[in-house]
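A.B. asks: I have a structure here, written as structure tokens, and I will follow up with some questions on it.
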Amino acid sequence: MEEKVLEIMCEVFDQDEITTDASQKNCERWDSLLHLTLASELEDAFEIELEPEEIAEMTDFQRVIAMLQSKL
């Protein structure tokens, strides 16, 4: 799952590499529009539906993984 999320994040943020310490604070391309794009891509990839509160809480890679684990 982590590898798939990293691939999605690389694609969404147009980065060659994203590490597991990625967050809104240290990824300058992680703005509000791309945050919503990330949520949409994750919903499609993992066939889940995210609530607005869950999307808002996805502020770093680890929180994304935790949220996905709770949904699967």
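A.B. asks: So which trypsin sites (Lys or Arg not before Pro) in the chain are both in a DSSP loop and have at most 15 other Cβ atoms within 10 Å of their Cβ?
C.D. replies: 25, 29
A.B. asks: Determine the sum of side-chain charges near residue 54: Lys and Arg each +1, Asp and Glu each -1, restricted to other residues whose C-beta is under 11 angstrom from that of residue 54.
C.D. replies: Residues near residue 54 contribute -3 overall.
A.B. asks: Below 8 Å between Cα atoms, with a sequence gap of 6+, how large is the relative contact order for the stretch 2-71 in percent?
C.D. replies: 33 percent
A.B. asks: Please arrange 61, 46 by how many other C-beta atoms lie within 10 Å of their C-beta, fewest to most.
C.D. replies: Going from sparsest to densest Cβ surroundings: 46, 61.
A.B. asks: Can you sort 36, 72, 42 from fewest to most other Cβ atoms within 10 Å of each residue's own Cβ? Please report the intermediate quantities before stating the final value.
C.D. replies: Working: 36 12, 72 9, 42 23.
Placing the least packed residue first, the sequence is 72, 36, 42.
A.B. asks: Counting other C-beta atoms within 10 Å, which of 27, 10 has the fewest, and how do the rest follow?
C.D. replies: 10, 27
A.B. asks: Okay, next question. Please state, as a whole number in µm²/s, the translational diffusion coefficient that the Stokes-Einstein equation yields for the chain at 10 °C and 1.306 mPa s, with Rh defined as the Kirkwood radius across alpha carbon pairs.
C.D. replies: Stokes-Einstein gives a translational diffusion coefficient of 133 µm²/s.
A.B. asks: Another question, if that's okay. Hey, for a label at residue 44 modelled as a point 7 Å past Cα toward Cβ, could you say which residues of the stretch 1-22 have their backbone N under 17 Å away?
C.D. replies: Once the point is set 7 Å along Cα→Cβ of residue 44, 4-15 turn out to lie under 17 Å by backbone N, inside the stretch 1-22.
A.B. asks: Using 0.36 nm times the number of residues separating residue 69 and residue 56, minus their current alpha carbon distance, what extension gain do you get?
C.D. replies: In short, 3.0 nm is gained.
Here, each number is a calculation from the coordinates, and none is a lab measurement. The structure presented is a predicted model; accordingly, all values stated were derived computationally and were not measured. FYI the Cβ positions are ideal-geometry reconstructions off the backbone, even for glycines, and counts take in every protein chain you see.
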